[in-house]
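To start, the structure itself, in structure tokens.
What follows draws every value from the coordinates through simple rules; no lab data is involved. Just so we're clear, the structure is a prediction, and the values are computed from it rather than from any experiment. Ideal geometry is used to build each Cβ from the backbone, glycine not excepted, and the neighbour counts take in all protein chains shown.
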2 protein chains.
Amino acid sequence: MAKQKISAAPSVRRLPSYLHTIRQLQKEGGEYISGTLIARELNLEPIQVRKDLTITGIIGKPKKGYPVEALIKAIERFLGWDTVQDAVLVGVGNMGAALLGYEEFRRHGLRLIAAFDKDYKKIGLRVHGVPVLSADTMDIQIRSFGVKTAILTVPSSSAQETADLLIKAGIDAIWNFTNVKLKVPEHVVVQKEDLSSGYAMLCVKKQAKDMEENDTRPK
Amino acid sequence: MAKQKISAAPSVRRLPSYLHTIRQLQKEGGEYISGTLIARELNLEPIQVRKDLTITGIIGKPKKGYPVEALIKAIERFLGWDTVQDAVLVGVGNMGAALLGYEEFRRHGLRLIAAFDKDYKKIGLRVHGVPVLSADTMDIQIRSFGVKTAILTVPSSSAQETADLLIKAGIDAIWNFTNVKLKVPEHVVVQKEDLSSGYAMLCVKKQAKDMEENDTRPK
């Protein structure tokens, strides 16, 4: 079984925040941007930023930093965000609706062309401009769109079954917001989004801060 | 400025999925669980799993693995999930509503006691059982609850302003779902949730898979 291991995963995860920050700083002008400045904005170590950015193939110039335009292009190219990627979303509950309205995605080349749901009250609506189609027509619609990427926001109880249908229709990349570990064939990639991970980080940061404050409190 | 750096961040992020998997496997019985089995379930390397678990202070026994009960307790204690943590949520849009209904949180000791919104059509409602209160009363309510943790799901345009109010009311841990890099005083921790990170991972995995398939395709 392929491990789908991305050795630089934490670096990849940070790239979108670099992109966001660099675009913000770009507005303030200047042809070059330093790793130190990006680091300061994001509260990271400069050496970490420089290391992360090397995965995109770009190298900064000593004293000057990175050429802004080229840096943005390099990150986008590395992530494949320089071309438009069509995707569908399945399951228009709260999370699904939230993702349909998530503006950032458009800037990342992600175009949500349709959503699917079983609920007849939702079918025919547009949610944040995206048409909601009947889940019964999913197979034929996905084939006719020729779309390869799907966002899965159905209830966990129907996650595997829906994934099976999606894959049969030609989907080979699933962004999985359910808490089910999907079983998929070799050629399909899955990114499982686990909101608990972020909460774990918050908890551990808070504990670290509490300990730090206990240490520095006057005795 | 404190860096709020958690050196073992990727390990911490994986702990919730370990917890989930171990609990699933616990149902199948057995007093011990091996790192190899956890690794297989989650498609990780066994050495990675063992390394990640050491941060919780637990050590497996050769040939037997980890005592299941103690392992669950160790992870929960490390994350602070063995005690109930009250929190409020601000901004009952789609994302806010999705988080109010996210069942996993309850199992992690996170108890959402109230939500706040400005919209009079929402005030007074219960969303997934959580009462929606007026944002105008936020300061006094948070003080009277004595709650320290807040989930921020307001529009980005009011993110900083809302965070300032929350901190003034006594909040010292913010789980930030907006795309604003919040400016907060030294004693406050922030965990910024960036959904684009997950999409970046999906894209990079997909590219890696496509390359792999091109390599192995018969010439």
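When the Cα centres of the range B:17-87 and the range A:167-181 are compared, how far apart do they sit, in Å?
If we compute the Cα centre of each part, the gap is 26 Å.
Could you work out the local net charge near A:V130, counting Lys and Arg as +1, Asp and Glu as -1, over the other residues with Cβ closer than 12 Å to its Cβ?
Combined, the nearby Lys, Arg, Asp and Glu give +2.
Filter B:K122/B:K183; A:K206/B:K168; A:K64/A:K205; A:K206/B:K61; A:K27/B:K183; A:K183/B:K73 down to the pairs with a C-alpha to C-alpha distance above 23 Å, please.
From the list (B:K122/B:K183; A:K206/B:K168; A:K64/A:K205; A:K206/B:K61; A:K27/B:K183; A:K183/B:K73), the Cα-Cα distance tops 23 Å for B:K122/B:K183; A:K64/A:K205; A:K206/B:K61; A:K183/B:K73.
Rank-order B:84-92, B:23-31, A:122-130 by packing density, defined as the average count of other C-beta atoms within 10 Å over each peptide's residues, highest first. Kindly include the intermediate steps, with their values, before the conclusion.
Working: B:84-92: 21.9, B:23-31: 11.0, A:122-130: 14.8.
Per-residue Cβ counts within 10 Å, averaged per peptide and sorted highest first, yield B:84-92, A:122-130, B:23-31.
Quick one: net charge around B:T178, please, counting Lys, Arg +1 and Asp, Glu -1 for every other residue with C-beta under 14 Å from its C-beta.
Local net charge: -3.
Pick from B:Y32, B:Y102, B:Y199: which is most flexible by mean-square fluctuation in a GNM of chain B where alpha carbon atoms under 10 Å apart are linked?
Greatest mean-square fluctuation among the candidates belongs to B:Y199.
Would you work out the charge dipole size for the range A:9-78 about its Cα centre, treating the Cβ of every Lys and Arg as +1 and the Cβ of every Asp and Glu as -1, and quote it to the nearest 20 debye?
120 debye
Once both labels are modelled 7 Å past Cα along the beta-carbon direction, what's the B:K73-A:I140 spacing in nm?
So the two model labels end up 5.9 nm from each other.
If you take every DSSP beta bridge whose two residues both sit in chain A, what share of them, in percent to the nearest 5, is antiparallel?
20 percent
Okay, helix-only estimate at 222 nm for chain B: each DSSP H run of n ≥ 4 adds -39500 (n - 2.57), divide by all residues, round to 500 deg cm²/dmol; what do you get?
-13500 deg cm²/dmol
As an exercise, use a Förster radius of 35 Å and the Cβ-Cβ distance of A:E104 and A:E186 to find the FRET efficiency, rounded to the nearest 0.05.
Calculated transfer efficiency: 0.70.
If you take all C-alpha pairs in the range A:32-78, what percent of them are over 16 Å apart? Before the final figure, lay out the partial values.
Details: 331 of 1081 pairs.
Result: 31 percent of Cα pairs exceed 16 Å.
Every other copy gets compared here: list the nm distances from the A:D86 label point (7 Å along Cα to Cβ) to its counterparts, shortest first, one decimal.
Copy-to-copy label distances for A:D86: 5.1 nm.
For label points placed 7 Å from Cα toward Cβ, what is the shortest-first list of nm distances from B:D210 to its copies?
Sorted ascending, the copy-to-copy spacings read 4.6 nm.
Which percent, to the nearest 5, of DSSP beta bridges fully inside the range A:103-219 are antiparallel?
In the range A:103-219, approximately 15 percent of DSSP beta bridges are antiparallel ones.
Order these by the 10 Å Cβ neighbour count, fewest first: B:K209, A:K64.
With the fewest neighbours first, B:K209, A:K64 line up as A:K64, B:K209.
With +1 on each Lys and Arg Cβ and -1 on each Asp and Glu Cβ, and nothing else charged, work out how big the dipole of the protein assembly as shown is about its Cα centre, in Debye to the nearest 20. The partial results should precede the final answer.
Details: 64 positive and 50 negative charges, 169 e Å.
Once rounded to the nearest 20, the dipole reads 800 debye.
Once the Cα gyration tensor of the protein assembly as shown is found, what semi-axes does its equivalent ellipsoid get, as square roots of 5 times the eigenvalues, in whole Å, sorted largest first?
Details: eigenvalues 191, 152, 149 Å².
Calculated on Cα positions only, the semi-axes equal 31, 28, 27 Å.
So, in nm, how far is label B:L25 from label A:E212 when the simple model puts each one 7 Å beyond its Cα toward the Cβ?
Between B:L25 and A:E212, the simple spin-label model gives 3.4 nm.
If you average the alpha carbon positions of the range B:198-218 and of the range A:189-219, how far apart do those two centres end up, in angstrom?
That distance is 32 Å.
Can you pull out the GluC sites (Glu not before Pro) in the range A:185-219 whose DSSP state is coil and whose Cβ has at most 16 other Cβ atoms within 10 Å?
Here the GluC sites (Glu not before Pro) that fit, given the DSSP loop and packing criteria, are A:E186.
Compute the acute angle (0 to 90°) between the alpha-carbon long axis of helix B:195-216 and the principal axis of greatest extent of the alpha-carbon atoms of chain B; round to the nearest 10°.
Tilt relative to chain B: about 30 degrees.
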